[in-house]
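All remarks here apply to the structure that follows.
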Amino acid sequence: MERRTDLRKNLFYYSIFIPAFAVIIFLTIYPVFSVLYMSFFKYKYLFDIKVFIGFKNFVRIIKDSLFQTSLFNTLIFSAVATIAEVTLGLFLALLFYGRFPGKRVFLIMAVFPMMISTMVVCAVWRTLYHFDFGLLNYILKTSGLKSVGWLINPNIALFSIILVDIWQWTPFAFIIIQAGLNSISKEIFEAASIDGAGYFNTLISITLPILSKQILLVFLLRTIDTFRIFSKVYALTQGGPGNSTETVSYYIYRQGFTYFNLGRATTASIYVLLVISVISVFYIRNIMREEA
Amino acid sequence: MAKIAMERKSIIFWILLFIVLLLVLFPIYWIVITSLKIPLENISPIPTFFPKKPTLGNYMNVFEGGFFRYLSNSLIVASSSTLISLTLSFLASYALVRHRFPLKLNYIFLIWILIVKILPPIVLAIPLYTLFTSARLINRLLGLIIVYQVYTLPYCLWMQYGFIRTIPIEYEQAAEIDGASKTQVLTRIVLPLSASGLVATAIFSIIVAWDEFLFALLFIRDPSLLTLPLRIVNFITEHETLWGELMGIGLLATLPVLLFSGYVYKRLTLSFSMGLK
């Protein structure tokens, strides 16, 4: 009798778990293995070529200067955007600390950028960045400066996209760090103040260490998200001018869906997976420590 | 105290706050006024900070250009994919919380979910494209609804798992002693207790699906099936400087999500103030 109800319970748990499990296998585990498999082939979809070539793709891709550029651009993008967003987020959290009239309304306003659809964000920045009719160049010109080719100068375009990301996602860093800051008890600051600690002393020796959990988490989340950057590149520059804003996601997209060079695209994906697995180790360790 | 908290806000504080809000809000203001300007004014060499002749003409064009079709595509895809993810994740999370599957499956599954959340979606795109082509799901909203599970399901699973874990088991045990079946426990006890968690999960999931671009770009060819982000991108590339209409679509596409911003702010603050989620 006892065993029978156990069996029925087991059956119940399996039957409610399996649908989600199946979807995850079907949509994520299968594709990852499939990508791994394809990366060992010279696989050109359009010409119907599919030849096993072992690790040759891996050597070719790592030597491909376009892939190198795209990896370099992605690392720059990810590092600069993340560091800027975390720093500015921290600055905003400190600015908003304490009470002042209108705080709640200002807070919600400060969150607006991350609530706007990425494509809309790109659209408005495209108008602001426009070389001839854009507001930014108008301001520069009326200040007696030269117009900047925000999206058409190969040395600047990547940073223009970074700026858009910073505008959109600093609020995210801000909210999380702010939440951490508000959970610090006020007595700690009072004690520090009585001990005669100055603002920056308190900041460095008390506030930042207590906030380190939140800061690390934002750092990881933004690194992960900026590393996959695709839609902003697509909407703002399409990887150009030249290849100056080509990122790894965009590289894979073009190899796979413009040139139908599936061997190359999947091999590049494997390299991305390798980089990601390094990031995940940190991320998962961080999350699991919290869960435990 | 006064030093770190700046309880008595100085004039410098207000100046800094003003600059911050200016930087944050100006592009949004620009979206609004650009959408109200006539096309010629938008490409005048001297930008105006307020429309000379405010017009709703752009919006009329947007509505006539099939906006409601794109809106309904986006609504269908975002709500259906969220509904599916919510159901699957609620059931699976309950099983993961209350049952220990063999081979450390609980642990492995949750770790994999985290990895999927980290994965750049383009990595999965090629096999999924081939798979969906052979299943005849390309160029159909249903295909998009299914493929969006890549984003929404891990998201919902992770959030639901967190919520359901906080439900005390005693209620369920009491009900079982009273002779309730497992299904009854799930629908009559766990489900009502998870209501607020489900709402929170649904809102975040809808936002994710609403904003999705990559798979929409890859999977949808038919102009009548475009979702809003896709429509906006096409608009950028087709009509380089019809900014009024572009901003009109953009603003309309954003409004539904912007309404959630107060809630999202509260939710994020809650989940990040104590532990990390």
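The values are calculated or read from the model by the stated rules, or taken from the named source; none is laboratory data. Source: prediction; values computed, not measured. Cβ coordinates were reconstructed from backbone atoms using ideal geometry, including for glycine residues, and neighbour counts include every protein chain displayed. The area values use the complete protein model at the heavy-atom level, side chains included, leaving out ligands, DNA and RNA. Shrake-Rupley method; radii C 1.70, N 1.55, O 1.52, S 1.80 Å.
Residues A:248, A:278: which one is among the β-branched types (Val, Ile, Thr) and open to solvent by 10 Å² or more (accessible area, probe 1.4 Å)? Break it down stepwise before answering.
Numbers: A:248 fails: open to solvent by 10 Å² or more (accessible area, probe 1.4 Å).
Only one candidate qualifies: A:278.
Hey, any hits in the stretch B:98-116 for a residue that's without any contact (Cβ under 8 Å) to a residue 60 or more places away in the chain, under 24 Å from residue B:209 (Cβ atoms), among the aromatic types (Phe, Trp, Tyr) and within 8 Å of chain A (Cβ to nearest Cβ)?
Yes; the residues of the stretch B:98-116 include at least one that is without any contact (Cβ under 8 Å) to a residue 60 or more places away in the chain, under 24 Å from residue B:209 (Cβ atoms), among the aromatic types (Phe, Trp, Tyr) and within 8 Å of chain A (Cβ to nearest Cβ).
Working only within the stretch A:267-292, note down all residues that are assigned to a helix (DSSP H, G or I) and over 21 Å from the mean Cα position of the chain (by Cα). Break it down stepwise before answering.
We begin by selecting, within the stretch A:267-292, every residue assigned to a helix (DSSP H, G or I); these are A:267-291.
A:267, A:289, A:290, A:291, listed by residue number.
For the stretch B:122-136, which residues satisfy the criterion of being among the hydrophobic types (A, V, I, L, M, F, W, C) and either within 7 Å of chain A (Cβ to nearest Cβ) or more than 8 Å from residue B:219 (Cβ to Cβ) (or both)? Please lay out each step first, then the result.
Pass one, the stretch B:122-136, residues among the hydrophobic types (A, V, I, L, M, F, W, C): B:122-126, B:128, B:131-132, B:135.
Of everything in the stretch B:122-136, those that are among the hydrophobic types (A, V, I, L, M, F, W, C) and either within 7 Å of chain A (Cβ to nearest Cβ) or more than 8 Å from residue B:219 (Cβ to Cβ) (or both) turn out to be B:122, B:123, B:124, B:125, B:126, B:128, B:131, B:135.
Only residues that are at the interface with chain A (Cβ under 7 Å from one of its Cβ atoms) and not in a helix (DSSP H, G or I): list them for the stretch B:213-240, please.
B:213
Among the numbered conditions (1) farther than 30 Å from residue B:238 by Cα; (2) without any contact (Cβ under 8 Å) to a residue 12 or more places away in the chain, tell me where residue B:82 comes up short.
For residue B:82, the exception is condition (2).
Anything in the stretch A:129-145 that is open to solvent by 10 Å² or more (accessible area, probe 1.4 Å) and closer than 22 Å to residue B:241 by Cβ? List them, or say none.
Here is the first cut: in the stretch A:129-145, the residues open to solvent by 10 Å² or more (accessible area, probe 1.4 Å) are A:130-133, A:136, A:138-145.
Selection gives A:130, A:131, A:132, A:133, A:136, A:138, A:139, A:140, A:141, A:142.
Would you mind finding the one in A:12, A:41, A:58 that is without any contact (Cβ under 8 Å) to a residue 12 or more places away in the chain and hydrophobic (A, V, I, L, M, F, W, C)?
Details: A:41 fails: without any contact (Cβ under 8 Å) to a residue 12 or more places away in the chain; A:58 fails: without any contact (Cβ under 8 Å) to a residue 12 or more places away in the chain.
Residue meeting the stated conditions: A:12.
Please verify whether residue B:265 is of a type in the set (Phe, Trp, Tyr) and open to solvent by 70 Å² or more (accessible area, probe 1.4 Å), treating the condition exactly as stated. Please lay out each step first, then the result.
Numbers: of a type in the set (Phe, Trp, Tyr): yes; open to solvent by 70 Å² or more (accessible area, probe 1.4 Å): no.
Spelling it out, it is not the case that residue B:265 is of a type in the set (Phe, Trp, Tyr) and open to solvent by 70 Å² or more (accessible area, probe 1.4 Å).
Inside the stretch B:1-108, counting only helices (runs of 4 or more DSSP H) that do not spill past its ends, which hold 2 or more residues that are polar (S, T, N, Q), more than 30 Å from residue A:137 (Cα to Cα) and open to solvent by less than 60 Å² (accessible area, probe 1.4 Å)?
Values: elements: B:2-5, B:11-36, B:39-42, B:57-64, B:67-98.
Once the helices (runs of 4 or more DSSP H) in the stretch B:1-108 are filtered for at least 2 residues that are polar (S, T, N, Q), more than 30 Å from residue A:137 (Cα to Cα) and open to solvent by less than 60 Å² (accessible area, probe 1.4 Å), what remains is B:67-98.
Filter the stretch A:243-266 down to the residues that are of a type in the set (A, V, I, L, M, F, W, C) and part of a helix (DSSP H, G or I) and list them by number. Walk me through how you get there before you give the answer.
Step one: filter the stretch A:243-266 for residues of a type in the set (A, V, I, L, M, F, W, C), giving A:248, A:252, A:257, A:260, A:262, A:265.
Matches in the stretch A:243-266: A:248, A:252, A:257, A:262, A:265.
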